[in-house]
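Below: one structure, written as structure tokens.
The values are calculated or read from the model by the stated rules, or taken from the named source; none is laboratory data. Just so it is clear, the structure is predicted and the values come from calculations on it, not from any experiment. Cβ placement follows ideal geometry from the backbone for every residue including glycine, while neighbour counts extend to all protein chains displayed. The protein model used for the area step is the full one, side chains on, heavy atoms only, and it has no ligands, DNA or RNA in it. Shrake-Rupley method; radii C 1.70, N 1.55, O 1.52, S 1.80 Å.
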Amino acid sequence: MPPRESVSHTTTDSATDPATDPATDPATDPAADPSAGPAPGRPVPFFTQAVSFEEAWPDIRARVSEVIDDGKYSHGRQVGRLETALAEWTGARHCVAVNSGTDALVLLLRACGLEAGQEVVVPAFSFIATASSVVLAGGRPAFADIDPVTYALDPRSAADAVTERTAMLMPVHLFCQMADMGALAQVARRHGLTLVEDSAEAIGMRWDGVHAGLLGAGGVLSFFPTKTLGAIGDAGAILTDDARIAETAAALRHHGRTGRTLAHFPGISNATELNGVNSKMDDLQAAVLLAKLPRLAHAVRRRAELAAVYTERLRGIPGLLRLPTLAPRGVATDAVFYVYLIEAERRDALVDHLAAHGVGTETYYPVPLHLQPCFSELGHKRGEFPNAEAACERTVALPFHPDLTTADIDTVCDLIRRFYTGRAA
């Protein structure tokens with residue numbers, strides 16, 4: 001699954017060429033006051049893992065060589081090992097590896113029993129796959145507003161969205177912290193709904209010691225390359241403590257084959273009892289993830305350190321409306337910074353300013369889900385979910401990746417300060 005629906009703002013090679021870089025010409029960039037100091041010496045990409053991947057390469061190469069020696073490149077030994085390792089790391093009883101976080105959502109919803117036409121309550125601020133997975137599983141998304149601090153599904157708005165057709169509630173854990181799972185679980189119990197989690201971004205996040213994705217019927221993980229634990233392509237997984245859900249999802253990912261013996265054909269297994277799809281994980285992706293998994297705890301700590309540096313450097317800059325804020329909970333929660341997201345005045349102009357100086361950003365998300373053209377038949381109008389719509393207009397994600405340095409953060413923060421004040425720190 002991509003890094004949630006976003007608009008990527010990158011720079012061309014001219015950004016590093018003094019002869020063509022608009023950062024060197026105040027006439028093309030009013031914020032580039034000569035008194036503010038020189039332009040950054042090198043670009044800061046939104047994401048890269050060149051250095052960290054090189055460090056992990058010996059282990060990755062060894063795992064990949066195993067795959068080649070085995071000669072089985074899909075649904076093989078490495079996938080089984082990864083499922084066992086992820087189950088142990090997260091505390092899940094069952095882990096089902098699939099080929100993307102999006103497929104993980106679709107198959108989870110189907111395995112949890114979603115029927116044609118039933119509604120699933122989802123937040124209006126999320127990646128398109130949160131809602132499109134409901135449609136692909138045969139259901140109908142019912143949108144609700146978000147909490148303005150966590151950007152996650154607001155429990156009161158979720159409760160208001162419930163109708164007689166509603167079967168499930170699916171919060172999304174975005175950016176650095178989990179949705180209010182205590183309050184959302186109460187909503188689910190009160191209305192007799194199945195609680196599932198879009199925990200694609202949430203590896204390492206925990207609620208009162210329980211890993212994200214395991215507070216209800218099940219959850220998912222995405223291993224898109226930008227994720228905290230990233231593959232070198234698409235890959236995903238389903239987490240659940242329910243053996244029936246795990247068995248059904250495992251069959252659905254493999255054309256509906258259950259592995260059981262056919263009653264009318266004694267001695268022949270691989271019964272096809274469900275209409276499934278081909279969503280098996282490649283062993284090459286499993287090999288990469290197995291090699292990187294022992295480094296995950298360090299990656300989580302490093303991201304927390306980088307987030308703290310950003311917050312310290314950005315605090316007090318006029319024009320910044322909100323920095324990442326961890327909502328108080330009544331239980332212990334573990335935050336994991338997948339993205340460093342800010343809210344800013346004149347967001348689009350700020351993005352253009354950073355891009356002109358070689359800094360990449362991502363806009364999460366430019367259009368709220370209820371206003372996406374593919375959901376126009378649901379009849380939603382602007383103004384129905386004000387918190388979601390405000391987030392779409394104000395938020396931007398700053399560079400945040402394994403290879404980021406404090407010098408890079410200083411460059412980004414100085415450029416932001418220059419944009420709003422006309423001077424460097």
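Taking the criterion of being in contact (Cβ under 8 Å) with a residue 40 or more places away in the chain, loosely packed, with under 14 Cβ neighbours inside 10 Å and among the β-branched types (Val, Ile, Thr), would at least one residue in region 333-352 satisfy it?
no
Being under 21 Å from the mean Cα position of the chain (by Cα) and among the charged types (D, E, K, R) is the filter here, so list the residues in region 73-108 that pass it.
GLU83, ASP103
Within region 368-393, which residues are open to solvent by 60 Å² or more (accessible area, probe 1.4 Å) and part of a loop (DSSP other than H, G, I, E, B)?
The answer is LYS381, ARG382, GLU384.
Please find, among VAL98, VAL79, VAL122, VAL162, the residue that is open to solvent by 10 Å² or more (accessible area, probe 1.4 Å), of a type outside the set (Lys, Arg) and either modelled with pLDDT of 95 or more or touching a helix residue (DSSP H, G or I) at 6+ places or on another chain (Cβ under 9 Å) (or both).
Answer to the check: VAL162.
Provide a single number: the residues in region 18-76 that are in a loop (DSSP other than H, G, I, E, B) and either open to solvent by 70 Å² or more (accessible area, probe 1.4 Å) or modelled with pLDDT under 90 (or both).
Adding up the residues that qualify gives 22.
What pairs come out if I take residues in region 405-425 that are open to solvent by 40 Å² or more (accessible area, probe 1.4 Å) and pair them with residues that are assigned to a helix (DSSP H, G or I) whose C-beta lies under 7 Å away, six or more apart or interchain?
Final answer for the pair search is THR406/VAL309; ASP410/ARG313; ARG423/SER35; ARG423/ALA36; ALA425/ASP414; ALA425/ARG417.
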